[in-house]
Each structure stands twice: as structure tokens, then as C-alpha cells.
1. Can you tell me the 0 to 90 degree angle between the C-alpha axis of helix 80-97 and the longest principal axis of the chain, rounded to 10?
2. How tilted is helix 143-163 with respect to the longest principal axis of the chain? Cα atoms for both, answer in degrees (0 to 90, nearest 10).
3. Taking a ≥ b ≥ c as the square roots of the Cα gyration tensor eigenvalues, with a/c under 1.5 meaning rounded and otherwise prolate when a/b beats b/c, else oblate, which class fits the range 1-76?
4. By how many nm would the segment from residue 166 to residue 144 grow when fully extended, if each residue of separation counts as 0.36 nm and the alpha-carbon distance is taken off?
5. Cut-off 10 angstrom, C-alpha nodes, Gaussian network model of the chain. Which of 123, 111, 12 fluctuates the most?
6. If you line up the long axis of helix 47-67 against the longest principal axis of the chain, both from Cα atoms, how many degrees apart are they, to the nearest 10?
7. Express in % the proportion of alpha carbon pairs of the chain at distances exceeding 30 Å.
8. Given the protein chains as shown and a 1.4 Å probe, how many square angstrom of residue 24 are accessible, to the nearest 10?
Amino acid sequence: MTNRSKTALILGITSAIMVSPMVMSIYWGPIPLFQNLGFDQESIASPLPWILATITAIAYVLCTMKVIPFVLSKQKEISLLKLLGIFAALVGGIVEEVFFRRWLMDMLMSGGVSPLLQVIISGIAFGLAHTSWIFVKGDFKFMIPAILSTTVLGILLAIIYLVGDRNVGPCIYAHVLINIIIEPWLMLSSVTAKRVVSPLLSG
């Protein structure tokens with residue numbers, strides 16, 4: 001199996017798993033977590049969280065391209081793998097934000113956890129969940145940089161969630177925008193081990 005085939009398989013499996021609750025919500029009745037995602041006129045957030053989401057997405061994409069030039073080099077490619085990456089970006093952006101922001105942070109809030117701890121816990125959980133690609137090649141020396149970068153992103157998205165008065169729309173927007181640009185190339189880079197990590201991130 002080629003590296004591209006492996007990447008497509010990983011993205012296909014994860015997308016199929018993540019899209020299942022959305023399909024269930026459509027065919028077997030609404031799932032409250034996936035209702036009112038913050039994009040309709042009645043529930044749309046104020047401009048500030050959307051501005052913060054845009055800045056966060058741009059900054060994270062630029063940082064990724066600087067740290068992993070392979071991702072930058074593939075930006076002009078249009079292929080079936082890229083189309084699969086776009087689908088995975090849309091599904092992942094919705095499902096992950098609903099889980100890590102709406103479900104996790106709201107559950108913590110209902111348990112009396114302070115907003116600061118909500119942000120930290122959500123960010124760390126998000127970071128840990130995005131290290132699975134490391135196990136594809138068993139390359140553990142990239143674990144700390146991967147956890148740190150995605151944890152920082154998770155913390156920023158959690159802050160945006162609070163700034164937007166717990167409206168998950170801007171978080172989904174930022175997450176999808178990031179994924180559309182860097183996927184599937186980030187996953188392909190991990191499968192092919194074409195990673196160039198800056199001294200800052202590698203410690």
C-alpha cells in the first residue's frame with residue numbers, strides 16, 4: 001500500500017467514524033449536541049469571536065507551513081486525496097468542536113468548574129486527541145511538539161468559545177478553515193515522515 005493510500009485509508013476511517021452521529025441526527029432523530037451550531041441568523045455570534053477565529057486559523061496555518069514545509073509545497077495540488085481531505089475537514093471541524101467545546105466545556109461548567117480550567121482541560125484533551133498520527137510510524141520524538149501545538153490551538157478555540165458566549169459556530173469555522181488548508185498534507189507528511197520541525201518546537 002502506498003503512502004497516499006495509507007493516508008486516504010486513515011482519513012476515510014476517521015471521517016466515517018466522525019460522520020456517524022451527524023447521519024444518526026438526520027435519519028434517527030435530532031441529537032441535541034448537533035443542533036443550533038451557530039450559523040443561522042437567530043443564533044450567530046457577534047463579530048469579535050469570528051475575527052478571533054479568523055486570526056487564529058491564519059496564524060496556525062502559517063505556523064504549520066513554516067514548521068512543515070511539505071504542507072506548503074502541496075497547496076496547489078488538486079486530487080482525489082485533497083477532496084477526501086476537504087470532506088474530512090468539514091466533518092472533523094464540526095464533530096470535534098461539538099465534542100471538545102460544546103460537550104466537554106459545558107459539562108465542566110455544569111459541574112462548577114471555572115472558565116479558566118474549562119479552557120485548559122479542553123485544550124489539553126484536544127491536544128492529546130491529535131497525537132494519534134504519531135503511532136502510524138511510531139515516531140515518538142515528535143509527540144511533544146504535536147501535543148503542544150494542538151493544545152495551544154485547542155486553548156485558543158476554547159477562549160473563542162467563551163468570548164462568543166458559548167456559540168460553537170466561530171470555533172467550527174476556524175477548525176474547518178485550518179483543516180481545509182493543511183489536510184490531507186499534514187497526515188501524508190506524518191505517514192511519509194516528511195516532517196521538518198523547527199528548533200523552537202522540537203525543544
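The values are calculated or read from the model by the stated rules, or taken from the named source; none is laboratory data. Remember, it's a predicted structure, so these values are computed and weren't measured experimentally. Every residue, glycine among them, receives a Cβ derived from its backbone with ideal geometry; neighbour counts consider all protein chains shown. For accessibility, only protein heavy atoms count, side chains too; no ligands or nucleic acids. Shrake-Rupley method; radii C 1.70, N 1.55, O 1.52, S 1.80 Å.
1. Helix 80-97 and the main axis of the chain meet at about 30 degrees.
2. 30
3. Oblate shape, in that a/c is at least 1.5 and b/c is the bigger or equal ratio.
4. So the extension gain works out to 5.0 nm.
5. Most flexible of the set in this elastic network: 111.
6. 10
7. Looking at the chain, the distances longer than 30 Å represent 20 percent of pairs.
8. Rounded to the nearest 10, the figure is 90 Å².
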